[in-house]
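Q: My questions will all concern the structure given below.
We did not get these values from a lab; they are worked out from the coordinates using the rules stated. Note that the structure is a prediction, hence the values are computed from the model and not measured. In this analysis, Cβ positions are derived from the backbone assuming ideal geometry, glycine residues included, and neighbour counts consider all displayed protein chains.
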Amino acid sequence: MATFKEFRNKIKPNWCPGCGDFSVQAAIQRAAANTGLEPDDLAVVSGIGCSGRISGYINANGLHGIHGRSLPIAQGLKMANRELTVIAAGGDGDGLAIGTGHTVHAIRRNMNITYIIMDNQIYGLTKGQTSPRSAFGFKTKSTPEGSKEAALPPLELALSSGATFVAQSFSSNLKEMTNIIEEGIKHDGFSFINVFSPCVTFNKINTYDWFKENIVSVEDIENYDSSDRIMAMSKLMENNGMLTGVIYQDKTRTSYENHVPGFKEEALNKQELKLSEEEFNELVAEFR
Amino acid sequence: MISQLSWKIGGQQGEGLESTDRIFSTALNRLGYYLYGYRHFSSRIKGGHTNNKIRISKKPIRSISDDLDILVAFDQETIDLNAHELCDGGVIVADAKFSPKVPEGIKARLFAVPFTGIAEELGTSLMKNMVATGASAALLDLPIDIIKEVIKEEFGRKGTAIVDKNIEAVSRGAEFIKDETGGPLPELQIEPADGQRRLFMIGNDAIGLGALVAGCRFMPAYPITPASEVMEYLIKRLPKYNGTVIQTEDEIAAITMAIGANYGGVRSLTASAGPGLSLMMEGIGLAGMTETPVVIVDTQRGGPSTGLPTKQEQSDLNAVIYGTHGEIPKIVLAPSTIEECFYDTVEAFNLAEIYQCPVIVVTDLQLSLGKQTAENLDFENIEINRGKIVSEIDPREDGKLFKRYEITEDGISPRAIPGTKNGIYHVTGVEHDEEGRPSEAADNRQKMMDKRLRKMENIQVTNPILVDAPHETPDLLIVGMGSTGGTIDEARSRLDKDGISSNHVTVRLMHPFPTEEIKPYIEKAKKVVVVENNATGQLASLIKLNVGYAEKIANHLKYDGNPFLPSDIHETCKELK
């Protein structure tokens with residue numbers, strides 16, 4: 001069985017020192033090892049931006065695609081090979097601005113994929129513009145007078161879109177994040193995980209200290225029941241979306257792949273391609 | 001007796017025209033006639049004038065006709081809009097309910113048949129289309145048994161009572177016509193056909209079948225006219241072969257999901273039309289840059305923007321050839337017949353995997369949706385070639401990846417499917433090195449760019465052009481693509497009678513352009529006429545760019561939403577000669 005070190009490669013990330021994304025990288029590596037995966041069995045598909053580079057920093061099959069499109073690529077890959085563990089990852093711009101449409105539909109489709117949003121509430125790689133997660137009034141290069149738009153609440157969006165696994169973590173809490181990603185990998189369905197991953201260079205408001213002061217763990221909420229969708233939604237709203245932990249999980253609904261007529265347990269890429277002459281003749285005869 | 005005739009049925013969309021057309025044409029197909037269908041329809045579900053036209057012939061035909069012999073009308077609008085197409089001695093068969101009138105100046109015989117009246121006597125006015133089917137069959141003096149057989153297949157699932165009622169409606173319609181005409185009309189008597197059951201299908205069916213036979217097991221797509229039939233064909237048949245279709249949230253998801261599946265080792269395609277193609281451009285770029293095979297079908301319709309969604313056009317040529325930013329390897333095939341829709345789709349999957357690049361199969365609305373007779377498809381001609389896929393990979397020293405983008409002489413690198421032991425590599429749309437790692441080094445950039453584009457230098461494609469060149473130095477060379485080939489050939493036989501000699505080249509490989517193949521035919525022709533359904537002459541521009549001879553190349557363009565008629569091409573060619 002592979003150790004977390006075997007999921008490391010020798011590439012030095014181009015992230016700034018102190019970037020929250022380092023913890024996400026480590027948590028994915030640890031969670032992969034903890035769930036008994038080998039590097040060959042894992043694929044990480046990522047978007048574009050600082051966070052998008054993550055697929056290149058893990059020793060696994062990696063695809064660094066197009067801005068906002070990590071989820072459809074990951075879903076296509078999963079359909080081709082459902083035996084592969086597929087993790088998609090990207091920033092808040094990737095998943096909640098340019099790729100929001102895909103995020104919502106991937107959630108309701110519910111394929112067995114783990115999706116991690118590295119949420120820093122700013123555009124980092126393009127050097128500091130507002131993000132869909134930036135708060136109203138947040139000043140950036142593109143909003144010099146402060147953002148006039150409301151921040152998008154990712155977990156509420158996921159819940160209302162029919163998510164079967166909704167969780168949130170924070171880069172300072174590697175142990176909790178590793179556990180959540182592990183749970184996400186094990187979950188038979190789409191796991192939506194938002195991670196507060198501070199940008200130390202461009203976001204001087206939502207800093208490590210700021211998150212530490214504002215987040216609330218569901219562990220600390222008395223009688224919290226993560227199978228209760230209404231409770232999940234109301235606690236999220238009460239806490240302004242700042243909850244961490246597994247916020248909601250529906251274990252009753254199985255993943256999309258299990259509901260596709262004719263779809264086998266064995267990977268689609270292992271199936272025979274060639275039709276027999278008899279099958280061919282039957283198909284052609286439909287048109288006579 | 002005549003050897004061919006044209007029949008058209010028209011009314012409001014949703015009146016059952018489609019099933020009349022289907023039953024009537026299926027019966028004719030079983031009698032051994034060659035058929036060529038054309039659908040005139042609007043972008044709405046119910047209401048609005050719509051009509052289906054079928055050309056019926058004893059000999060092979062691949063074009064709509066200039067005129068019309070029989071017009072079946074469910075309303076006066078159908079007569080007013082279409083009667084001008086009727087040849088002298090043509091026949092209008094119309095529902096007596098609306099008291100049909102023949103417009104002034106039209107020399108046609110009118111038979112007012114109580115379509116609705118008979119249907120209502122039988123219990124429901126819905127069956128008026130079956131009365132019309134019977135009336136049509138009687139005009140051609142078709143054996144009624146063959147219609148009955150098709151009706152049994154069409155309605156069998158609904159029970160014998162329904163089948164019997166529909167057969168009764170057909171019989172009553174036929175009897176009414178026989179009483180009115182007092183026997184078959186000599187000018188509509190078509191020579192008997194050979195009784196051989198040929199294939200009768202639309203181009204989109206042939207593409208779907210081609211994909212299935214090529215081993216395509218996954219299709220993500222977004223509905224759009226005139227491409228949706230490809231996904232509808234596959235969703236019904238893929239589950240038996242363990243595959244599936246996903247209706248995605250948009251065409252961006254469709255192309256990127258198809259790329260993901262191909263990366264995962266499953267042959268996958270998507271199909272769309274202009275608006276979807278525009279959304280797919282970034283995905284096409286990713287496939288080109290990451291050397292991931294993917295097949296995209298573009299069924300052209302009237303553009304730009306939403307354009308003419310249900311009309312004929314061939315104006316996406318520039319988009320499919322040049323589309324996406326930057327420079328990538330890409331192959332564009334343009335089938336020109338139903339049979340080619342099938343074989344080209346199979347070939348597209350092979351080319352995509354051999355050359356590891358996007359392959360676009362471009363059709364047009366008439367080829368995609370016009371139901372036609374096709375020759376038998378040959379199992380022996382089907383080959384699956386997956387290109388350079390490696391399954392055994394030696395372990396490497398720590399930190400090294402599989403060289404997915406190894407620089408090779410032909411530019412094609414061995415490909416490992418994710419999950420292959422020791423097969424880990426990186427894939428990125430960023431410029432990368434041989435292992436797929438991002439690299440901005442100038443030297444690497446040039447090597448990689450050259451490697452990708454080198455793949456296009458020796459592309460082997462079956463029949464890049466089709467040639468019919470009976471003349472050494474013809475007066476005219478007519479060049480076309482897609483569905484126009486049959487119409488061009490009909491125009492040529494008329495030109496022959498005028499004493500104008502012509503050759504015909506159909507361009508099938510749009511990119512990389514088959515310059516060397518076309519050149520000799522351009523050189524030898526006194527004049528070249530490029531026939532295309534667009535406003536700017538995109539194919540003509542391609543020929544001028546790649547082959548030259550601009551001074552002798554003329555355009556014959558049509559962009560009013562309708563396919564060319566043989567007379568359009570005949571007249572223009574006579575003038576241009």
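Q: Stick to Cα atoms and the Kirkwood definition of Rh, then tell me Rg/Rh for the stretch B:161-214.
A: 1.21
Q: Work out how far the C-alpha atoms of the stretch B:118-161 reach from end to end along every principal axis, then list the three figures in whole Å, largest first.
A: That gives 27, 22, 11 Å along the principal axes, largest extent first.
Q: Taking every residue in B:265-271, how many Cβ atoms of other protein chains lie within 10 Å of its Cβ, on average?
A: Across the residues of B:265-271, the mean count of other-chain Cβ atoms within 10 Å is 4.
Q: Something else: For each of B:PHE115, B:PHE218, B:PHE155, count neighbouring Cβ atoms within 10 Å of the residue's Cβ, then give the residues from fewest to most.
A: Neighbour counts put them in this order, fewest first: B:PHE155, B:PHE218, B:PHE115.
Q: When the expected Rg is taken as 2.2 N^0.38 Å, what fraction or multiple of it is the alpha-carbon Rg of the stretch B:202-381?
A: 0.91
Q: Give, in whole angstrom and from largest to smallest, the semi-axes √(5λ) of the equivalent ellipsoid of the stretch B:114-200, with λ running over the eigenvalues of the Cα gyration tensor.
A: 22, 19, 8
Q: Residue-wise, which Karplus ³J(HN,Hα) couplings in Hz belong to the stretch B:151-167, taking 6.51 cos²θ - 1.76 cosθ + 1.60, θ = phi - 60°, and x for glycine or proline?
A: Once rounded to whole Hz, the list reads 5, 4, 5, 5, 10, x, 5, 8, x, 5, 4, 5, 4, 4, 5, 5, 5.
Q: Something else now. What three numbers, in Å, describe the spread of the alpha carbons of the stretch B:415-503 along their principal axes, ordered from the longest?
A: Cα extents, longest axis first: 67, 32, 19 Å.
Q: Give me the distance between the Cα centres of the stretch B:410-489 and the stretch B:536-577, rounded to whole Å.
A: 28
Q: In whole angstrom, how long is each semi-axis of the equivalent ellipsoid of the stretch A:1-46, when you take the square root of 5 times every eigenvalue of its Cα gyration tensor and sort them from largest down?
A: 20, 10, 10
Q: P(r) for the protein assembly as shown: what percent of alpha-carbon pairs falls in each 10 Å bin, starting at zero?
A: Bin by bin from 0 Å, the calculated values are 2, 12, 19, 20, 17, 13, 9, 5, 1, 0.
Q: Name the long-range amide H neighbours of A:ASN61: under 5 Å, sequence gap of 5 or more, or other chain; modelled H, no Pro or chain starts.
A: Close amide H contacts, sequence-distant or interchain: A:LEU42, A:VAL44.
Q: Going by how many other beta carbons lie within 10 Å of each one, how would you line up A:CYS199, B:CYS87, fewest first?
A: The order, fewest Cβ neighbours first, is B:CYS87, A:CYS199.
Q: May I pose another question? Rounded to whole Hz and in sequence order, give me ³J(HN,Hα) for the stretch B:548-559 from the Karplus expression 6.51 cos²θ - 1.76 cosθ + 1.60, θ = phi - 60°, writing x for Gly and Pro.
A: After applying 6.51 cos²θ - 1.76 cosθ + 1.60, I find x, 6, 3, 5, 10, 9, 10, 9, 10, 10, 9, 9 Hz.
Q: Using square roots of five times the C-alpha gyration tensor eigenvalues, list the equivalent-ellipsoid semi-axes of the stretch A:110-189 in whole Å, biggest first.
A: Sorted largest first and rounded, they come to 29, 15, 10 Å.
Q: Right, next: In Å³ and rounded to a whole number, note down the convex hull volume per residue for the Cα atoms of the stretch A:44-89.
A: Enclosed volume per residue, from the Cα hull, is 52 Å³.
Q: Kindly provide log₁₀ I(q)/I(0) values, in the same order as q = 0.13, 0.16, 0.21 Å⁻¹, from the Debye equation applied to equal alpha-carbon scatterers of the stretch B:388-462.
A: -0.42, -0.62, -0.97
Q: Determine how many Å³ per residue the convex hull of the Cα atoms of chain B encloses.
A: Dividing the Cα hull volume of chain B by its residues yields 161 Å³.
Q: Beyond 27 Å, what percent of the Cα pairs of the stretch B:4-197 remain?
A: 21
Q: Sticking with this structure for a sec: Could you tell me which of B:ILE246, A:THR85, B:THR373 has its Cα farthest along the dipole of the protein assembly as shown towards the positive end, charges placed at Cβ (Lys, Arg +1; Asp, Glu -1), taken about the Cα centre?
A: Ranked along the dipole, the leading option is A:THR85.
Q: Can you give the Rg and Dmax of the stretch A:4-285 based on its C-alpha atoms, in angstrom?
A: Rg, Dmax (Cα atoms, Å): 19.5, 70.
Q: What list of ³J(HN,Hα) couplings, whole Hz, do you get for the stretch B:117-133 from phi and the Karplus terms 6.51, -1.76, 1.60, once you set θ to phi - 60° and write x for glycine and proline?
A: These are the phi-based 3J(HN,Hα) values: x, 4, 4, 5, 4, 8, x, 8, 5, 4, 7, 4, 5, 6, 4, 5, 4 Hz.
Q: While we're here: List every residue whose amide H lies under 5 Å from the amide H of A:ALA89, counting only residues 5 or more places away in sequence or on a different chain, with H placed 1.01 Å from N in the peptide plane.
A: Residues meeting the criterion, in which the H sits 1.01 Å from N, are A:VAL45, A:SER46, A:GLY47, A:ILE116.
Q: Counting C-alpha atoms alone, how compact is the stretch B:465-576: give Rg to one decimal and Dmax as a whole number, in angstrom.
A: My reading of the Cα-based Rg and Dmax gives 12.6, 37 Å.
Q: Once you have the Kirkwood Rh of the stretch B:321-386 from its Cα pairs, apply Stokes-Einstein at 10 °C and 1.306 mPa s and quote D in µm²/s.
A: After rounding, the answer is 120 µm²/s.
Q: To continue, here is another question. For B:ASP433, which sequence-distant residues (separation of 5 or more, or a different chain) have an amide H within less than 5 Å of its own amide H, given hydrogens modelled in the peptide plane?
A: Sorted by chain and number, the residues that satisfy this are B:SER439.
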